[in-house]
Amino acid sequence: MSADDSEQVSEDEFIQQTEAMRRELFTGDNAVFALCGLLDTIEATARTEGRPLTEQERIIVILTQRKTHAMFESVCRLGENDTRKKPD
């Protein structure tokens, strides 16, 4: 990998991208995934209504993803209380 193959992002952008990927790839039965379910519902509602997230919804998503990012390492143990989602 060369320097041209990477991109520097802010810590907040890293958190948002990481948590979006975790929500797509993993599922589980713990507090982290309960919060992820809330975010999925917010985003699904906006999609169903054919609109972008409101400013308030966007802030909820950002703040909640910061929380799940901080919680993930201490709460989730792959194969114990979270798993990879099966491909569609």
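Can you compute the FRET efficiency between L63 and D40 using 1/(1 + (r/R0)^6), with r the Cβ-Cβ distance and R0 = 25 Å? Round to the nearest 0.05.
0.95
Label S74 and T27 with points 7 Å out from Cα along Cα→Cβ: what is the distance between them in nm?
Calculated label separation equals 2.7 nm.
Readers should treat all values here as calculations from the given coordinates under stated rules, not as data from a laboratory. Bear in mind that the values here come from a model prediction, so they are computed numbers and not experimental data. Quick reminder, even Gly has a Cβ in these numbers, built from the backbone with ideal geometry, and neighbours come from all protein chains shown.
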